[in-house]
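Enquirer: Next up is a structure, given as structure tokens.
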Amino acid sequence: MMRGLAFGYIRAIDAVNYRMGRIVMYGIFVLMGILLWSSISKTFFLPSLWTLELAQFCMVAYYILGGPYSIQLGSNVRMDLLYGEWSLRRKAWTDLITVLFLIFYLGVMIYGAVSSTAYSLGYWGSEPFSFLAGLATGAEEVGRAERSSSAWRPYLWPIKSIMILGLTLMLLQCISELLKDVLRLKGETI
Amino acid sequence: QSTIKWRMQTYAGAALAEHVIVPAVEMFNKIAGDRMQIELFFADQLVPTGELFQAMQRGTIDAVQSDDDSMASPTDVTVFGGYFPFASRYSLDVPVLFNQYGLNEIWDEEYSKVGVKHISAGAWDPCHFATKDPIRSLEDLKGKRIFTFPTAGRFMSQFGVVPVNLPWEDIEVAVQTGELDGIAWSGITEDYTVGWADVTNYFLTNNISGAWAGSFFANMERWNELPEDLQALFRVCCDQSHYYRQWWYWGGEADLRVNGPKMELTSIPDDEWATVEAAAQDFWEEIAAESETKRRVVDIIKKYNADMVKAGRPYRYT
Amino acid sequence: MSYELIATLMFSSMMLMLLTGQRVFGAIGFIAVVAALLLWGDKGGFDIGFSAAMKLMKWYPLLTLPMFIFMGYVLSESKIADDLYKMFHVWMGGLRGGLAIGTIGLMVLISAMNGLSVAGMAIGSTIALPELLKRGYDKRMVTGVIQAGSSLGILVPPSVVLVLYAMIARQPVGQLWLAGVVPGLMMAGMFIAYIVIRCRMNPVLGPVLDPSERDMPRAEKMRLLRAGILPIVIFAVMMVPFVNGWTSLVESSAIGALAAFVAAVLKGRMTREVFENSVRNTLGITCMFMWIILAALAFGAVFDGLGAVKAIEGLFTERLNLSPWMILILMQLSFILMGTFLDDTAMLVIVAPLYVPLVGALGFDLIWYGILYTITTQIAYMTPPFGYNLFLMRAMAPPEISLRDIYASITPFVLVMVLALVLVMVFPGIATWLPDYIYNKP
Ligand code: NA
Ligand code: NA
């Protein structure tokens, strides 16, 4: 039962994050396009107001949403001075514990992202989660929405929401990694 | 009894802060001694300037020195901080507007609503263009990518200026890497102090505001926790900072225009520049139409400027 | 608890966390947010981690990162550098150690087309290394050649490390890049000198290429030289508009990425597989960098909030009472020491902000220091046990190259690099002459 649940979770989360990563990885061309347009518009017409800032938003979406897929790819370096020499079992045991630290970090990041997003939607209280939940149910209203202090003045809640999404997916991916380690220690093959 | 510790972040970088805030903080620390110490952080050091307000509201930072515009305060008076186009001509206009014309009360109301203590407002320098290429007519402004304040940028974009917003500390490098063609953020004193005079060649003598307006703020709870005498000391040191800037900029602007070796002065003819001044009147109305509070502030600015014109010399020569 | 103690605790627990082998960004980020929570209490502490993300968003020069990474992958995956290798093979093969010398030349050209050492390493170990081994070159020497040569990638412009340094030191990237040119070429020259001397003393290390391999009509030989045009074109397309101020830094990086992509397409090398690998690996490596920087920025903000930066300054200048040069040398040594057990990117983002202001305060030129810094980083990249280049080499080298070979191979080259470091320290003009000349032209 637990085993089935764990496998189901791993399969579902890995699939979602895989899809997300496969889509986001083409963002490199979006980014390139924006920057190229920036140089073209500057050379031949008036410089665009929005290129640099939009490129910054794209970059954030690119690396935050692509994060979980990069975990799947094993791109995130580890210091393998000791780790590299260990047996698979020992690695799994250590990861089992230390991934909790990573999960804690992501949890704090998500809290920060949620409170910052609530702020960007005009909420200044101390219960950002219930505010966002209230928005969904209609119990709360959007207040003074935060805008970037540039001349283009985009609203900031969309990019902050994307960050909540990306951090949450990252957290889910780390839990998936944790479950994989548990299963490995139980002798399952993944 | 343990020492009260405050973290204060200014929106100025280290080189500028050396003049505009460090002396005041050092004075405060010397007098308060073991009772209270303020640790000063420069632009973007603890949190990015765009997050200053939220950080202060939550207590990550206890106090802030900034204009309302740069830190994007969620209030109705935010547009008037920094450089509200042509609202003031001299740096003394700002304290008069706040202390004698009622802006203090409005600011206090607005910031109390969002849980932040507005302590006091003061003036910095006028807002001039410092650019790589010379500006001698409005035509020369077209297409220039300029680092400037949000509201000033919004106003100047009708003349073809392309306002760019970057972290303050990155400006000098951004001019060199070609992200920017120039800066409309300060007078000539700051251009020299922070190094922008080294990367630009021309200084436009026409300004779009005679004095920056900015303030000291504190987290409301932290402020209320302070004993009355430390509150008073804090205010005195803020006033000391305002006073230092009054003479430092006033003298510096004249001196560097006359004796500064790094920038060539250019001007847009008065009659051409008058179209910009006229556009500011429309801009004021546009802003005033946005809310009741903004209407109140615009009316005060109008009244003040009308009074100054009537008062004649030395308040107004034209 | 005193701030110094908290700072020491933070640093040592980060080291400990790193030793557990958890992903570097997780280790650093965890320490950062826990320290923030302890120091700020529940209210402000929760936000420090996330506000680093907003700060990172505004660090616009980082937009060049995926561009340069993509360029590097396109170059190495599409094997458009094959022709380049062939050129050096034929032209240099007649000399003792000529193929090794040619490989250094190859590395210089690849360095001019990308911002990291990864591409040089990949091209060197997949194209050059097997050829060199087949021709009887000493495996330890050539392994060292490739590692040392590929490290030029971050010294010869464009360079991602110098972009990061520029952001931390708030110095113009253009001048830093130009400052890297002469020291980069000098170091390449020193590597070549080392190869020539070794092979003269012991010809077995680098035998002369069999004439049958390099005998070809003169016209054919000249035609091979055309391969050298590609790097020059890509370099020029990127650097000329940038140095002249027509395009900005980030725009130039996009132009460079486009140029590499177009070159691969025109040469018919942009297969489905190459495309897939380049795009996917760019995401992976960019994420690796960005997540580490994200965590390190939070760590740095907490560290700064503690006044640790001031504490270190005070330690060096007042308590130890050292002369500026002594401090500088100590800092370089501590970098190499830390590089032996700290991740390179993390080192850059955590340690550089501590040192750079101090270097400035001591009155040293920060452009010049950027080059010292980069050379030191290169050395740290190559020295065991923790070195990015070592890992890459281990992953990419053919099986007959053991870990022991890799470790042994770098020793002489590290000594050459230390010599280069000393030269740049003693003669700052090596670094500062070119940027002064280009940017201050009358
Ligand atoms: Na390079
Ligand atoms: Na190392």
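Enquirer: Looking at B:TYR249, B:TYR244, B:TYR304, B:TYR315, which one is open to solvent by 90 Å² or more (accessible area, probe 1.4 Å) and either modelled with pLDDT under 95 or in a helix (DSSP H, G or I) (or both)?
Expert: Within the list B:TYR249, B:TYR244, B:TYR304, B:TYR315, the selection yields B:TYR315.
Enquirer: In region C:255-289, what residues are more than 12 Å from every other protein chain (Cβ to nearest Cβ) and open to solvent by 30 Å² or more (accessible area, probe 1.4 Å)?
Expert: C:VAL265, C:LEU266, C:LYS267, C:GLY268, C:ARG269, C:MET270, C:THR271, C:ARG272, C:GLU273
Enquirer: Could I ask something else about it? Please identify the pairs in which a residue from region A:75-103 that is farther than 20 Å from A:SER176 by Cα has its Cβ atom under 7 Å from the Cβ atom of a residue that is at pLDDT 80 or above and open to solvent by less than 40 Å² (accessible area, probe 1.4 Å), counting only partners at least 6 apart or on another chain.
Expert: Between residues of region A:75-103 that are farther than 20 Å from A:SER176 by Cα and residues that are at pLDDT 80 or above and open to solvent by less than 40 Å² (accessible area, probe 1.4 Å), the close pairs are A:MET79/C:LEU18; A:MET79/C:GLY21; A:MET79/C:VAL24; A:ASP80/C:GLY21; A:LEU82/C:GLY21; A:TYR83/C:GLY21.
Enquirer: May I pose another question? Identify the residue in region C:66-86 that is within 16 Å of ligand 1 (Cβ to nearest atom) and of a type in the set (Gly, Ala, Ser) and, among all such residues, is nearest to the other protein chains (Cβ to nearest Cβ).
Expert: Checked region C:66-86; the qualifying residue nearest to the other protein chains (Cβ to nearest Cβ) is C:GLY72.
Enquirer: Given the condition farther than 30 Å from C:PHE275 by Cα and assigned to a loop (DSSP other than H, G, I, E, B), answer yes or no: does some residue in region C:21-28 qualify?
Expert: Taking every residue of region C:21-28 in turn, at least one turns out to be farther than 30 Å from C:PHE275 by Cα and assigned to a loop (DSSP other than H, G, I, E, B).
Enquirer: Which condition number does A:TYR123 fail, the rest of (1) in a helix (DSSP H, G or I); (2) open to solvent by 20 Å² or more (accessible area, probe 1.4 Å); (3) of a type in the set (Ser, Thr, Tyr) being met?
Expert: (1)
Enquirer: Starting from residues that are aromatic (Phe, Trp, Tyr) and open to solvent by 10 Å² or more (accessible area, probe 1.4 Å), keep the ones in region C:290-321 and report whichever is nearest to the chain's Cα centre (by Cα).
Expert: C:PHE303
Enquirer: Out of all the residues in region A:54-91, which are buried (at least 20 other Cβ atoms within 10 Å of the Cβ) and over 19 Å from the mean Cα position of the chain (by Cα)?
Expert: Hits for region A:54-91 are A:ARG78, A:MET79.
Enquirer: Say we look at region C:1-18 and pick out the residues that are open to solvent by 60 Å² or more (accessible area, probe 1.4 Å) and either among the aliphatic types (A, V, I, L, M) or at the interface with chain A (Cβ under 9 Å from one of its Cβ atoms) (or both); which of these is nearest to C:GLY339 (Cα to Cα)?
Expert: The qualifying residue nearest to C:GLY339 (Cα to Cα) is C:LEU16.
Enquirer: Taking the condition of being surrounded by fewer than 21 Cβ atoms within 10 Å (Cβ to Cβ), within 14 Å of chain C (Cβ to nearest Cβ) and either of a type in the set (S, T, N, Q) or in contact (Cβ under 8 Å) with a residue 60 or more places away in the chain (or both), how many residues in region B:26-44 meet it?
Expert: Residues meeting the conditions: 2.
Enquirer: Within region C:338-421, which helices (runs of 4 or more DSSP H) (wholly inside it) include 2 or more residues that are at pLDDT 80 or above?
Expert: C:344-361, C:366-382
Enquirer: Now a separate question. Only one of (1) closer than 24 Å to B:GLU139 by Cβ; (2) touching a Leu at 6+ places or on another chain (Cβ under 9 Å); (3) within 14 Å of another protein chain (Cβ to nearest Cβ) fails for B:ASP181. Which number is that?
Expert: So B:ASP181 meets the others, but not (2).
Enquirer: Just to be sure I understand the filter: pairs with C-beta atoms under 6 Å, separated by 6 or more residues or on different chains, first member in region B:53-76 and closer than 13 Å to B:ALA43 by Cα, second member open to solvent by 10 Å² or more (accessible area, probe 1.4 Å) and basic (Lys, Arg). Which pairs pass?
Expert: B:ILE61/B:ARG7
Enquirer: Quick test of your reading of the structure: B:ALA288 fulfils all but one of (1) small (Gly, Ala, Ser); (2) free of Cβ contacts under 8 Å to residues at least 60 places away in the same chain; (3) within 30 Å of B:ASP198 (Cβ to Cβ); (4) surrounded by 16 or more Cβ atoms within 10 Å (Cβ to Cβ). Name the failing condition by number.
Expert: Exception for B:ALA288: condition (3).
Enquirer: Could you look through region C:154-179, keep only residues that are at pLDDT 85 or above and touching a Pro at 6+ places or on another chain (Cβ under 6 Å), and pick out the one that is nearest to ligand 2 (Cβ to nearest atom)?
Expert: C:VAL163
Enquirer: Let me ask something else about it. Considering B:ASP93, B:ASP140, which residue is more than 14 Å from chain C (Cβ to nearest Cβ), open to solvent by 10 Å² or more (accessible area, probe 1.4 Å) and at pLDDT 95 or above?
Expert: B:ASP140
Enquirer: State all residues of region B:157-173 that are in contact with a helix residue (DSSP H, G or I) (Cβ under 8 Å, 6 or more places away or on another chain) and either more than 12 Å from chain A (Cβ to nearest Cβ) or in contact (Cβ under 8 Å) with a residue 24 or more places away in the chain (or both); if no residue qualifies, say none.
Expert: Scanning region B:157-173 gives B:GLN158, B:PHE159, B:PRO167, B:TRP168, B:ILE171, B:GLU172, B:VAL173.
Enquirer: If you don't mind, another one. For C:ILE285, work out the one condition from (1) touching a Lys or Arg at 6+ places or on another chain (Cβ under 9 Å); (2) part of a helix (DSSP H, G or I); (3) of a type outside the set (Gly, Ala, Ser) it doesn't fulfil.
Expert: (1)
Enquirer: Would you check if C:GLY41 is at positive phi, within 9 Å of chain A (Cβ to nearest Cβ), surrounded by fewer than 24 Cβ atoms within 10 Å (Cβ to Cβ) and not basic (Lys, Arg)?
Expert: No, not satisfied.
Enquirer: A follow-up question, please. Identify, from the list C:MET121, C:MET107, C:MET87, the residue that is among the aliphatic types (A, V, I, L, M), within 16 Å of ligand 2 (Cβ to nearest atom) and part of a helix (DSSP H, G or I).
Expert: C:MET121
Enquirer: Also: Quickly run through region C:140-182 and pick out the residues that are within 14 Å of another protein chain (Cβ to nearest Cβ), open to solvent by 10 Å² or more (accessible area, probe 1.4 Å) and within 16 Å of ligand 1 (Cβ to nearest atom).
Expert: If the condition is that a residue be within 14 Å of another protein chain (Cβ to nearest Cβ), open to solvent by 10 Å² or more (accessible area, probe 1.4 Å) and within 16 Å of ligand 1 (Cβ to nearest atom), then C:GLN175, C:LEU178 are the ones that fit.
Per-residue answers, yes or no, for (1) touching a residue at least 60 places away in the same chain (Cβ under 8 Å); (2) over 23 Å from C:MET17 (Cα atoms); (3) charged (D, E, K, R):
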site	(1), (2), (3)
C:PHE46	no, no, no
C:VAL74	yes, yes, no
C:TYR85	no, yes, no
C:ARG96	yes, yes, yes
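Enquirer: Does any residue of region A:25-43 turn out to be more than 10 Å from chain C (Cβ to nearest Cβ), in a helix (DSSP H, G or I), at pLDDT 95 or above and touching a helix residue (DSSP H, G or I) at 6+ places or on another chain (Cβ under 8 Å)?
Expert: Yes, region A:25-43 has at least one match.
Enquirer: Across region C:230-254, which residue is nearest to the other protein chains (Cβ to nearest Cβ) among those that are open to solvent by 10 Å² or more (accessible area, probe 1.4 Å) and aliphatic (A, V, I, L, M)?
Expert: Within region C:230-254, the match that is nearest to the other protein chains (Cβ to nearest Cβ) is C:VAL243.
Enquirer: Can you pull out every residue in region B:258-291 that is aromatic (Phe, Trp, Tyr) and more than 21 Å from B:THR318 (Cα to Cα)?
Expert: B:PHE283, the sole residue that qualifies.
The values are calculated or read from the model by the stated rules, or taken from the named source; none is laboratory data. Quantities reported herein were computed from a predicted structural model and do not represent experimental measurements. Positions of Cβ are generated from backbone atoms using ideal geometry, with glycine treated the same way; all protein chains shown enter the neighbour counts. For the accessible areas, the whole protein counts, side chains as well, though only heavy atoms, and no ligand, DNA or RNA atoms are used. Shrake-Rupley method; radii C 1.70, N 1.55, O 1.52, S 1.80 Å.
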